[in-house]
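The values are calculated or read from the model by the stated rules, or taken from the named source; none is laboratory data. Keep in mind that this is a model prediction, so the values were computed, not measured. Backbone-built Cβ (ideal geometry, glycine too); neighbour counts: all protein chains shown.
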Amino acid sequence: MIILGLDPHPTTHTAIALDSRGVILDSLSVQNDADGLHQLWLWSGRFKQPCWAIEGAGNRDVAPLLALLLARDASVYHIHPSLTSQYRARRGKKKNDLVDAENVARVLLANPQLPPYRPCQQRTRLQELSRSARPTK
């Protein structure tokens, strides 16, 4: 099993690939735009049937990638940010995007019983509405 851990941000995404023993196979950082998402998708194709562990999978910063992954029937798992920080604290590493991506992948590696991510249509619609709502004066 290959796990692709993803640390998403408004402007960039950082991903890391771990094998089933926890060995780092590769990593990639891309811009959070159409070209970057395309690069990330091509990169993920190097690995046979990877599982995606995404920190904050319901986060709007990762919504375009999540839509792409779910449309292509990828295995996606939501990793709560508090779990990522627990791994970082235990391993004594300073915070950076690559470390966070690795820790996201390690959370799934250590917890294979986590359920796959399934978006809630009502939540998605509320997020869309809240982003498009204009403040009143």
Please go through segment 1-54 and pick out each residue that is part of a strand (DSSP E or B), farther than 12 Å from Ala105 by Cα and among the small types (Gly, Ala, Ser). Ser29
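Does Ser75 meet the test of being at pLDDT 90 or above, surrounded by 13 or more Cβ atoms within 10 Å (Cβ to Cβ), under 20 Å from Thr11 (Cα atoms) and of a type in the set (Gly, Ala, Ser)? Walk me through it before giving the result.
On the way: at pLDDT 90 or above: yes; surrounded by 13 or more Cβ atoms within 10 Å (Cβ to Cβ): yes; under 20 Å from Thr11 (Cα atoms): no; of a type in the set (Gly, Ala, Ser): yes.
For Ser75, the condition - at pLDDT 90 or above, surrounded by 13 or more Cβ atoms within 10 Å (Cβ to Cβ), under 20 Å from Thr11 (Cα atoms) and of a type in the set (Gly, Ala, Ser) - is not met.
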Condition check: in a helix (DSSP H, G or I), surrounded by fewer than 13 Cβ atoms within 10 Å (Cβ to Cβ), of a type outside the set (Phe, Trp, Tyr) and modelled with pLDDT under 95. Does Gln122 satisfy that? yes
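For Leu83, are the conditions met, namely being assigned to a helix (DSSP H, G or I), at pLDDT below 95, farther than 18 Å from Pro119 by Cβ and not polar (S, T, N, Q)? Break it down stepwise before answering.
Working: assigned to a helix (DSSP H, G or I): yes; at pLDDT below 95: yes; farther than 18 Å from Pro119 by Cβ: yes; not polar (S, T, N, Q): yes.
Here the answer is yes, as Leu83 does meet what is asked.
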Tally of residues being in contact (Cβ under 8 Å) with a residue 12 or more places away in the chain and under 22 Å from Pro112 (Cα atoms) across segment 1-45: 21
If the Cβ limit is 9 Å and pairs must be 6+ apart or interchain, which residue in segment 108-120 that is farther than 15 Å from Ser20 by Cβ pairs with which residue that is part of a loop (DSSP other than H, G, I, E, B) and among the aliphatic types (A, V, I, L, M)? Tyr117/Ala57; Pro119/Ala57
Could you list, in sequence order, all residues of segment 28-64 that are buried (at least 18 other Cβ atoms within 10 Å of the Cβ) and more than 13 Å from the chain's Cα centre (by Cα)? Gly36
